[in-house]
Amino acid sequence: MSPIEIARKLAGLGETGDACRAYELALAAVPGPGPDEKMEAAMYILQFEGEYRAAYTAFLELYRDGFYKEDAWNIMTEAFYLPNEKLLRSHYENNVKQLKKYPYFFRKDFPDFEDLPIKFYPFDDSSYVPLTAAEGRFGEPTDFSEPVISRNFFKDLENPILAEDVYSQYELEYLNDNVRPSEYVSRENHIYLHYKSWGEFCSYLQVLNLRKLLIDKKFVFLIEDQISLYPIDFKAEYGIDYSTFPLKPVGIREINRLIWHTQLSYHNGGDFFNEIFDSHPNLIYDSSVLKKDVERVVEDLRETLDAARSLSEVMEVFDNGEWHNFDMIRELYLMRDRTDKDIMVTLFCRSKMLFPHLDPASRIAPAIFYQPHFEYNHVRMMGDDMGRAIMSSDQYDYALNSEIFKNFKYIKVFCPIRRITTSYGGTIRFMWDTSQADIEDGKILVVADEIVQRVLLRGYLVDPDKRLFKDSAAVRFEDAKLNPTATFSALAAFLDLPYTESMKTCTLYGLPTQVALEQEVYGFDTAAVYKTYDEFCCDAERCWLEYFLRDAYEYYGYDFQYYDGGPVDEERVRDWIAHFEKIDYYLRESNRPYYLDAVKKRRQELIEKGESAEYTSTPEEDAEAVLEDFMAGSHERRLSVARVLLKGLKFVNEQGRPLKFMPRLEPDPALLEQPLYH
C-alpha cells in the first residue's frame, strides 16, 4: 500500500494521529502526490491538528503550481493570516510611532496598514511567508531572527558602515551590538541603513522590532534617494563634534562576537589559519588551546572573584605579571551578573601579547578568535534498520552545551578541511613521533586505530538544527595554500572581517613564524599540499578512506587518488583490512610496551599482595598474547564499522534527523592565482 492509501485506511478507522503522520509521509514522499491527493492530505492534517507546517507547505505548493489556487489562498488566509493580523498591525504601528520621533529618520508619510504592498503570513513561531499583494506571489518562509550574518558588513572600516536593505532582525541587532558608538571612537561612526523601496521598508515594519535598536541612536535611515546624504556631517548638521571625545577602551560587554576555529579532524593545517589571523586588527587572538583547560581556568577565575572580599584583594591576586588589563579585571569584579562568557573575554584580554596589533580606534568591537581542542574526539556509530548510521559524540555534545558558547550572541564557525589521506598520514606520524618521545621520557603513549576513527570523525557533517553550526563554512587547506588571496579574502568576507595586510603574512603573537617556530614548512610554502606520508600509510588504507569518505570527497571537490571507483563488497573490504600494513605496524609497536608494562605491573601487584605465582611464560610472552587479542579486536571493529557503512553513507543524529554537509567556502574566482586543487 502507498502512504496515501495507508493514511486513508487509518482515517477510516478513526486513528487520526496515525493518519496525520501517514499523510505527512505521503507529502514528503518522492515522487510526491498529485494535486488532488496533496490537497486531501493537507486538509486532513490541518483539520486534525497534525504537523501544520507540512499542510502549510502543501497549500503553498498548490497555490504556486496553479492547483486549487483560490481554495489554498483562502485556507492560508483564514487559518494562518487573519488570526495574526492584529499582532502584525500592532508591530507596524509601534515601529511607525518610534520612527516618527527618531532624529535620524527623515521621512514621515507612512502608509496605512491596509495599503502595505507586502503581507506576512506567519509560518511558525519565528518564520513568515511574504505575499506580494499586487502580484499575488508568495515568497519562501523566512525567519528574520535566523542567527546568520549573510554579508560582509565590515569589509571597509575606513568609512562609516553603509548597508543596503537589511531586513533581518538578527543582523540589525548584530550591527547595533558590534559597531561602537561615535563617542567611543572619537569620530563619526553611525550605521547607515539604505532602503531602496519605501513601500517595501514599511511592509517589513510588521515583522521587525526596532524599539530597542533605536535607544542608542546609532542608526541613520536613508530611504531611496536619501542615499545622497551619506555620510552626514554631524558637526555641521547637529553641532556634534565627535573628535572632541576621548577614545574609550573596549568594555567586556562590548565584545559579543566569537569566531570558532573548529576541528574537523586532526592535522588539517589549522595552525596555518591561526598564523594568518594572528595579528588581525579586529581580533583578540589566542593559539590553539585545550577546551578543558579553558573551562578549568574560567571556573578558577569565577571562584576567585566570588570569594574575593574587596577589589584590592582581587587586584593583588591578578598582579602576577601575566595580567596587564587591570581595568577589565576591575570591570569584571564589579559586574553583578557576570557569566562564563564575560570571564572568558577577560581571560583573552589579560595580556597585551594576545592582541599586539589590535586597533584601539576601530569602528567595531573586536571578536574573540577561539580554537578549542579536545585531547581526543571519540565518535560512536550505530546502524539502524533503515540503513542509516546514527552518530553521537560526547565531545560534540559538550561543545554544544558549553556555557561559554551559549552566552555569545554572535558566532561564526569555520573549519579547515584537508585531503583526508594526507591528514590521516600526518596524524599517524604525529602519534608515532609523540609515542617515541614519551618513551624516552619514561611515559607510554600509544598510536590509536586512526583508520577507524577517521571514517567516524565526520566533522564536516553538522546538525542544521543546532545553533552553533547555522553560520559555518568548511575551508580547504589546499585552497588556502595554493590560492591564498582568493581564499582568505573569501574567508574574511564570510567571517565579516576586513581583509587586511596582516592576513598576507604568517605570524605568531606578532612575530614571523620563521622566528617564532621551528617546523618543516613555513607560511605560504605549498610543500604540505603534496605530502603523501608514504612511511605512515599504505594504499590499502588510503583506498579504505577514499571509499568510506567518498561523500566528503565529492562534496568538497577532491578526486580519488587510490580508490579505483569500482564496486566494493565485504570481501573487498576484508582484503583492504588484511593489507593495512602501516597502521597495524604502528599499533603493534606502540602498544607492545604498553601491554608489557601492564603485565609487569600486574605481576608486581600480586607479589606485593603475597599472591606470587609460578609463571610458565615470560612477561614478554604474556604481553604479546594480549597484544594479539587487541589486534584481532581492532580488525573486527574495522569490519563492524564497514558493514554499517556498506549499506550507504546516510548519517543521522540520535533523534533520526539527517546530518548535512558544512557548506564549502568558495575562493573568490576573480582572485584565483592557480586552478582549483582537485
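The values are calculated or read from the model by the stated rules, or taken from the named source; none is laboratory data. Owing to the predicted nature of the structure, the values given are computational and were not obtained by experimental measurement. As a convention, Cβ positions derive from the backbone with ideal geometry for all residues, glycine included, and neighbour counts pool all protein chains shown. For accessibility, only protein heavy atoms count, side chains too; no ligands or nucleic acids. Shrake-Rupley method; radii C 1.70, N 1.55, O 1.52, S 1.80 Å.
For the reader, a short list of remarks on this structure follows.
- Restricting attention to the stretch 545-574, the residues being within 28 Å of the chain's Cα centre (by Cα) and part of a helix (DSSP H, G or I) number 10.
- The stretch 217-240, residues that are among the small types (Gly, Ala, Ser) and in a helix (DSSP H, G or I): SER228, ALA236
- Tabulated pairs, the stretch 173-191, first closer than 18 Å to TYR104 by Cβ, second among the hydroxyl-bearing types (Ser, Thr, Tyr) and at pLDDT 95 or above, C-beta under 7 angstrom, 6+ apart or interchain: SER182/TYR242; GLU183/TYR242; ARG187/TYR242; ARG187/SER243; GLU188/SER182; GLU188/TYR242; ASN189/SER182; HIS190/SER182
- Candidates ILE444, ILE411, ILE451 - the one that is assigned to a helix (DSSP H, G or I) and of a type in the set (Val, Ile, Thr): ILE451
- Filtered by the rule that a residue be more than 37 Å from the chain's Cα centre (by Cα) and among the acidic types (Asp, Glu), the stretch 61-85 gives GLU70, ASP71, GLU78.
- Residue check, SER288 small (Gly, Ala, Ser) and within 26 Å of the chain's Cα centre (by Cα): yes
- Cβ-Cβ distances below 8 Å connect the following pairs, each with a first residue in the stretch 592-620 that is more than 19 Å from LYS443 (Cα to Cα) and of a type outside the set (S, T, N, Q), a second residue that is open to solvent by less than 60 Å² (accessible area, probe 1.4 Å) and in a helix (DSSP H, G or I), and a separation of six or more residues or different chains: ARG603/PRO619; ALA613/LEU606; TYR615/ARG603; TYR615/ASP622.
- Answer residue from the stretch 332-347, given it is within 28 Å of the chain's Cα centre (by Cα) and not in a helix (DSSP H, G or I) and is surrounded by the fewest Cβ atoms within 10 Å (Cβ to Cβ) among those: ASP337
- Only one entry in ILE259, ILE276 is among the hydrophobic types (A, V, I, L, M, F, W, C) and touching a Pro at 6+ places or on another chain (Cβ under 9 Å), namely ILE276.
- Residues of the stretch 309-331 satisfying the condition of being part of a loop (DSSP other than H, G, I, E, B) and at pLDDT below 90: ARG309, ASP319, ASN320, GLY321, GLU322, TRP323, HIS324, ASN325
One line per residue, one yes/no per condition, for (1) part of a helix (DSSP H, G or I); (2) in contact with a strand residue (DSSP E or B) (Cβ under 8 Å, 6 or more places away or on another chain):
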{"residue": "LYS600", "(1), (2)": "yes, no"}
{"residue": "GLY610", "(1), (2)": "no, no"}
{"residue": "ALA613", "(1), (2)": "no, no"}
{"residue": "SER617", "(1), (2)": "no, no"}
{"residue": "ALA632", "(1), (2)": "yes, no"}
{"residue": "ARG637", "(1), (2)": "yes, no"}
{"residue": "ARG643", "(1), (2)": "yes, yes"}
{"residue": "GLN655", "(1), (2)": "no, no"}
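- Matching residues in the stretch 129-175 - criterion: being acidic (Asp, Glu) and not in a strand (DSSP E or B): GLU135, GLU140, GLU146, ASP156, GLU158, ASP165, GLU171, GLU173
- Test: residue in the stretch 291-298 that is open to solvent by less than 40 Å² (accessible area, probe 1.4 Å) and farther than 30 Å from ASN377 by Cα: no
- Consider the stretch 621-642 and keep the residues that are touching a residue at least 24 places away in the same chain (Cβ under 8 Å) and hydrophobic (A, V, I, L, M, F, W, C). The one that is farthest from VAL455 (Cα to Cα) is ALA623.
- Among the candidates GLU183, GLU135, residue that is of a type in the set (Asp, Glu), over 26 Å from GLU70 (Cβ atoms), surrounded by fewer than 19 Cβ atoms within 10 Å (Cβ to Cβ) and over 24 Å from the mean Cα position of the chain (by Cα): GLU183
- The set of residues from the stretch 535-554 being surrounded by fewer than 16 Cβ atoms within 10 Å (Cβ to Cβ) and touching a residue at least 24 places away in the same chain (Cβ under 8 Å) comprises just one member, GLU535.
- Residue selected from the stretch 441-492 under the condition in contact with a Gly (Cβ under 9 Å, 6 or more places away or on another chain) and not charged (D, E, K, R), by the criterion farthest from ARG151 (Cα to Cα): PHE477
Residue-by-condition table, conditions (1) under 15 Å from the mean Cα position of the chain (by Cα); (2) among the basic types (Lys, Arg):
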| position | (1), (2) |
| --- | --- |
| ARG418 | no, yes |
| SER423 | no, no |
| PHE430 | no, no |
| LEU461 | yes, no |
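- Residue identified as open to solvent by less than 20 Å² (accessible area, probe 1.4 Å) and not hydrophobic (A, V, I, L, M, F, W, C) among THR526, THR487, THR505: THR487
- Long-range neighbours under 9 Å by Cβ, at least six apart or interchain, first residue on the phi > 0 side of the Ramachandran plot within the stretch 505-524, second assigned to a strand (DSSP E or B) and open to solvent by 30 Å² or more (accessible area, probe 1.4 Å): GLY523/PRO512
- Single residue of the stretch 187-220 satisfying the filter (of a type in the set (Lys, Arg) and closer than 16 Å to ARG363 by Cα) that is least open to solvent (accessible area, probe 1.4 Å): LYS218
- Hits in the stretch 35-69 - residues which are more than 23 Å from THR142 (Cα to Cα) and either open to solvent by 50 Å² or more (accessible area, probe 1.4 Å) or touching a Ser or Thr at 6+ places or on another chain (Cβ under 8 Å) (or both): ASP36, GLU37, GLU40, MET43, GLN47, PHE48, PHE67, TYR68
- The residue that is farthest from PHE326 (Cα to Cα), counting only those in the stretch 348-357 that are modelled with pLDDT of 75 or more and open to solvent by less than 20 Å² (accessible area, probe 1.4 Å), is PHE348.
- Scan of the stretch 195-216 for residues that are in contact (Cβ under 8 Å) with a residue 40 or more places away in the chain and part of a loop (DSSP other than H, G, I, E, B), ordered by number: LEU205, GLN206, VAL207, LEU208, ASN209, LEU210, ARG211, ASP216
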